[in-house]
Each structure stands twice: as C-alpha cells, then as structure tokens.
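Participant: Sharing a structure here in structure tokens format.
No lab work stands behind these numbers, since they all come straight from the coordinates. If you're wondering where the values come from, they're calculated on a predicted model, not measured in any experiment. Methodologically, a virtual Cβ is constructed for each residue, glycine included, from the backbone with ideal geometry; neighbour enumeration extends over all protein chains shown.
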Amino acid sequence: MTGIIPQEITLDVDLTVYENLIIFSKFFDIPKREARKRIAELLKFVELEAKRDSKISELSTGMKRRLLVARALLNQPKLIVADEPTTGLDPQARHLIWQRLRQLKSEGATLILTTQYMEEAQQLCDRIVVMYQGKILKEGVPRNSSPTKSAAKSSRCAFPRSKTIESSRSCPRTRPATSGWGTLSIFTAATARDS
C-alpha cells in the first residue's frame, strides 16, 4: 500500500482531527476497532493527542502537516510519497517532521520525497540524482550520508533547479544542469552498482 503526504493541506475543515482520520480509514476498509487503535497510535506518533477533538481551523500549519503524516500512515503503507512536507513550517515543526520521516525509514518504509530544501534532502536521503528535463545527468551521495550495501529503501527528493544550482555543488559526483529547469532527486535505494 501507498501513503501520500500532499503538499497542499487537504483536510476537511468541518471535521475534527479524529473525524478526519476515522473517515479516511473507511477508504481502506479498516475495521472500526482497528481504526481507533491506529488513530490513537498515530496521534501519539505525530504529537497531536491533545488536539484529537479540535477542529482543523484551530490547528497551526505545522499541526496540519503532522496530521497529514498521520493520515498517510493509517493504511500502514510500505511506500510513502511526501510532496514538500515541510513547506512553510518553522524550524521546530520542520525538524519534528524530519524526525518522524527518519523513524518511518528506519522501520522499513520506502520514502519518495520532493523538497526544495537542500538541507532537508541531506537529512533524509542517501542518494542524489541530478535530473534535467526528465533525464538523469549525474548521481551521487550527499556528504553527510553513508549508505551501506544493505540499504534497501529509497527516497527521492526533487528541487527546482533555480533553488539548488549552488547547493548541489556540495554533493559529491554531481553537477547541476546548465540551463533551463531541472530537478535534483535523491534516492536511498541500493542499486546494482552498490551491491
């Protein structure tokens, strides 16, 4: 199964935190008792237990983003697609999301992540691929990362080229596209060359 963390806040503002999650659980035919258990665990995981009965309009942007993480995990996905999950967050909220995403990776989830923050890519991803017009130009490993032969999960981070040309130079074995728009993508999957 796949869990999606969208860039846009796609929560029902007429419902509470709990009601948003319980309705979403019905999309996956999760039995009510199991849904209640998972929701309690996920609210604890994203540190929103105290907001369980709050309306969405009462939440900060950071809380809404954390709720989107919880919602994406309701169906216990093996693949998580996160589209700029920390856009617009203050540093404290951003670091909490990073911590939760790292934990999910350590528990065996595969993460595909798009972001415009080079620091975020270096924190969460193990492999970098520079792309231009859908083609891979170069790939490498961020400086602060040391994937092993046993790395089996993957993360992909994409950046607008205009934001990362200078930053991408800090990543070994990569080079930015020289004109137009491109993306910087990061993978943590071991490739045939790594094995």
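Participant: Would you please give the residues with an amide H less than 5 Å from that of Gly3, counting only those at least 5 places away or on a separate chain, with H modeled from the backbone geometry?
Facilitator: Leu79, Ile80, Val81
Participant: Related question: Give the calculated FRET efficiency between Glu8 and Glu58 to the nearest 0.05, with a Förster radius of 22 Å applied to their Cβ-Cβ distance.
Facilitator: E(calc), rounded to 0.05, equals 0.70.
Participant: Let me ask something else about it. Once amide H atoms are built 1.01 Å from N in the peptide plane, which residues 5 or more positions from Tyr132, or in another chain, come under 5 Å H to H?
Facilitator: Distant-sequence amide H within range of Tyr132: Leu137, Thr183.
Participant: In addition: Could you list, in their original order, any pairs among Lys37/Lys78; Lys55/Lys105; Lys44/Lys105 whose Cα atoms are separated by more than 27 Å?
Facilitator: In this structure, Lys55/Lys105 lie more than 27 Å apart at Cα.
Participant: A follow-up question, please. Apply the Karplus curve 6.51 cos²θ - 1.76 cosθ + 1.60, θ = phi - 60°, to the phi angles in segment 87-93 and return the couplings in whole Hz, x for Gly and Pro.
Facilitator: The phi angles translate into 4, x, 8, 6, x, 5, 5 Hz.
Participant: Enumerate the calculated ³J(HN,Hα) couplings along segment 65-82 in order (Karplus 6.51 cos²θ - 1.76 cosθ + 1.60, θ = phi - 60°), each rounded to whole Hz, writing x wherever the residue is Gly or Pro.
Facilitator: Working through the residues one at a time gives 5, 5, 5, 5, 5, 4, 4, 5, 9, 3, 8, 6, x, 8, 10, 10, 10, 10 Hz.
Participant: Starting from the amide H of Leu113, placed 1.01 Å from N in the peptide plane, find each other amide H under 5 Å away whose residue is 5 or more places distant or on another chain.
Facilitator: Ala82, Arg156, Cys157
Participant: What is the gain in length, in nm to one decimal, between Thr16 and Glu47 on full extension, counting 0.36 nm per residue of separation less the C-alpha to C-alpha distance?
Facilitator: In short, 9.6 nm is gained.
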